[in-house]
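Have a look at the structure below before the remarks.
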There are 2 protein chains.
Amino acid sequence: MRRFPTPIHNAAAALGRLPGVGPKTALRYAFALLHFSKLELASIGRAIVDLGNITLCQTCFTFAEKDLCEICADPNRDATKLCIVAEARDISTIEATSVYKGRYFVLGGTLNPIDGRTPETLNVKALLDLVKNSPSITECILAFSPDVHGETTIMYLQRQLSTFGKSMTRLARGLPMGADIEYADEVTLASAMTGRSKA
Amino acid sequence: MRRFPTPIHNAAAALGRLPGVGPKTALRYAFALLHFSKLELASIGRAIVDLGNITLCQTCFTFAEKDLCEICADPNRDATKLCIVAEARDISTIEATSVYKGRYFVLGGTLNPIDGRTPETLNVKALLDLVKNSPSITECILAFSPDVHGETTIMYLQRQLSTFGKSMTRLARGLPMGADIEYADEVTLASAMTGRSKA
């Protein structure tokens with residue numbers, strides 16, 4: 001005998017496909033949804049189905065509703081700067097700072113040959129084509145996390161992009177806000193020292 | 001400017017209504033769903049919408065697809081026993097043990113006047129009617145958690161049900177499997193001692 005009506009099982013199975021959600025959490029989610037009205041459930045279901053309408057921007061490969069994302073379609077964006085990020089989510093993180101007004105390009109990940117992420121599986125070819133065919137771009141910002149794969153990707157892209165004669169920059173390394181010098185690692189502290197700015 | 005296309009925002013807002021899911025987790029869920037095919041998204045959305053078809057069993061108040069739940073509709077169930085639980089989920093937990101073959105009744109919670117859960121907000125009246133009008137019932141098992149609200153509910157129901165002359169039982173208290181006597185609290189150990197069984 002089944003322990004719950006089929007719809008509860010189906011909903012738990014569906015929610016169990018979310019990342020980090022096991023069978024117990026999925027069942028908890030399903031039971032919580034049971035307290036919602038039919039109308040609310042319909043709107044939640046619709047919101048999920050509507051995700052199917054999301055495509056990738058043909059220029060920068062971020063998530064978009066049309067062929068061009070809002071940033072690529074915005075003429076007020078500074079077309080001289082191209083910020084290259086690993087994932088589309090990184091764009092929102094950078095946008096939240098409001099200090100960058102240029103364009104973006106989503107590489108689709110970082111180089112990690114062990115996990116099978118080689119230049120061929122990333123949007124490297126599209127990036128090279130974009131930089132080659134965009135004389136307006138003067139600076140490429142390689143905005144990757146300063147970990148092994150990020151550093152590998154920065155080194156690789158630096159070499160690939162060097163032929164186009166653009167200025168290439170990377171995010172500053174240094175002490176994060178609220179950090180304690182006593183506990184800072186040597187690489188971070190060395191970067192903070194060499195990259196010191198006027199007080 | 002919005003940081004993501006509207007469908008992603010909507011999905012994150014919808015998923016953020018799940019219990020314990022904050023804006024960051026909701027966005028993570030939404031991004032994970034973006035990797036699913038349209039067909040998969042449709043089936044997940046349908047599973048959630050279908051939860052709207054769940055009703056409550058008219059006899060025992062558990063979740064059901066029809067007027068009667070599977071257990072109440074099952075003639076092979078022992079009609080002499082009624083196990084009264086706080087939530088519908090408790091039924092599945094007890095069913096998983098396979099030691100109980102009787103019927104259930106979902107009270108809808110435990111008594112907790114501070115949170116506004118008085119006898120009127122629970123299914124107390126329906127329970128009293130059911131016990132009164134079911135001469136087949138000989139035993140009422142008060143299967144509540146042994147915490148403050150569970151104990152209060154057990155005491156309250158004992159008093160209310162006492163007029164019907166049924167045998168009333170509660171779940172045994174004692175050492176849980178794998179427990180260490182050294183760390184057991186006094187109440188549990190006292191219960192385990194007084195309720196000791198033949199070795």
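Tell me yes or no: at least one residue of the stretch A:108-115 is over 17 Å from the mean Cα position of the chain (by Cα) and either in a strand (DSSP E or B) or not β-branched (Val, Ile, Thr) (or both). Yes, the stretch A:108-115 contains a residue that is over 17 Å from the mean Cα position of the chain (by Cα) and either in a strand (DSSP E or B) or not β-branched (Val, Ile, Thr) (or both). Right, A:Lys166: of a type in the set (Lys, Arg), open to solvent by 60 Å² or more (accessible area, probe 1.4 Å) and touching a helix residue (DSSP H, G or I) at 6+ places or on another chain (Cβ under 8 Å) or not? It is false that A:Lys166 is of a type in the set (Lys, Arg), open to solvent by 60 Å² or more (accessible area, probe 1.4 Å) and touching a helix residue (DSSP H, G or I) at 6+ places or on another chain (Cβ under 8 Å).
Only residues that are in a helix (DSSP H, G or I), closer than 24 Å to A:His35 by Cβ and among the hydroxyl-bearing types (Ser, Thr, Tyr) were counted across the stretch B:1-58, and they come to 3. Could you go through the stretch A:110-118 and let me know if any residue there is more than 20 Å from B:Leu27 (Cβ to Cβ), open to solvent by 80 Å² or more (accessible area, probe 1.4 Å) and acidic (Asp, Glu). Yes - at least one qualifying residue is present in the stretch A:110-118.
Residues in the stretch A:169-199 that are within 27 Å of the chain's Cα centre (by Cα) and exposed (fewer than 13 other Cβ atoms within 10 Å of the Cβ) were compared, and the one that is nearest to A:Pro135 (Cα to Cα) is A:Ala172. One residue is enough: does the stretch B:144-157 have a residue meeting the conditions in a loop (DSSP other than H, G, I, E, B) and among the polar types (S, T, N, Q)? For the stretch B:144-157, residues in a loop (DSSP other than H, G, I, E, B) and among the polar types (S, T, N, Q): present. Might you let me know whether the stretch B:14-34 holds any residue that is of a type in the set (S, T, N, Q), over 30 Å from the mean Cα position of the chain (by Cα) and not assigned by TED's automatic domain parsing to the domain that holds B:Leu128? Scanning the stretch B:14-34 turns up no residue that is of a type in the set (S, T, N, Q), over 30 Å from the mean Cα position of the chain (by Cα) and not assigned by TED's automatic domain parsing to the domain that holds B:Leu128.
Note on the stretch B:85-107: residues that are part of a loop (DSSP other than H, G, I, E, B) and either of a type in the set (Lys, Arg) or closer than 12 Å to B:Phe63 by Cα (or both) amount to 2. What's the number of the condition B:Leu82 fails, among (1) within 27 Å of A:Thr93 (Cβ to Cβ); (2) in contact (Cβ under 8 Å) with a residue 12 or more places away in the chain; (3) more than 7 Å from chain A (Cβ to nearest Cβ)? It is condition (1) that B:Leu82 fails. When A:Lys125 is tested against (1) assigned to a loop (DSSP other than H, G, I, E, B); (2) surrounded by fewer than 16 Cβ atoms within 10 Å (Cβ to Cβ); (3) not hydrophobic (A, V, I, L, M, F, W, C), exactly one condition is not met: (1). Within the stretch A:18-36, the residues that satisfy the criterion of being open to solvent by 50 Å² or more (accessible area, probe 1.4 Å) and either more than 7 Å from chain B (Cβ to nearest Cβ) or touching a residue at least 12 places away in the same chain (Cβ under 8 Å) (or both) are A:Gly20, A:Pro23, A:Lys24, A:His35. Every listed requirement among (1) in contact with a Lys or Arg (Cβ under 8 Å, 6 or more places away or on another chain); (2) open to solvent by less than 80 Å² (accessible area, probe 1.4 Å) is met by B:Pro146 save one, (2).
Scanning the stretch A:48-69 for residues that are within 7 Å of chain B (Cβ to nearest Cβ) and open to solvent by less than 10 Å² (accessible area, probe 1.4 Å) yields A:Ile48, A:Leu51, A:Ala64. Set side by side, the residues B:Thr188, B:Thr153, B:Thr138, B:Thr169 differ, and just one is in contact with a Lys or Arg (Cβ under 8 Å, 6 or more places away or on another chain), among the hydroxyl-bearing types (Ser, Thr, Tyr) and within 28 Å of B:Ala79 (Cβ to Cβ), which is B:Thr138. Among the conditions (1) at pLDDT below 95; (2) farther than 30 Å from A:Ile71 by Cβ; (3) open to solvent by less than 40 Å² (accessible area, probe 1.4 Å), B:Phe105 misses just one, which is (1).
Total residues in the stretch B:149-163 satisfying the condition of being buried (at least 18 other Cβ atoms within 10 Å of the Cβ) and in contact (Cβ under 8 Å) with a residue 40 or more places away in the chain: the figure is 3.
The values are calculated or read from the model by the stated rules, or taken from the named source; none is laboratory data. Predicted, not measured: the structure shown is a model, and the values here were computed from it. In this analysis, Cβ positions are derived from the backbone assuming ideal geometry, glycine residues included, and neighbour counts consider all displayed protein chains. Side chains included, ligands, DNA and RNA excluded: accessible areas come from the protein's heavy atoms. Shrake-Rupley method; radii C 1.70, N 1.55, O 1.52, S 1.80 Å.
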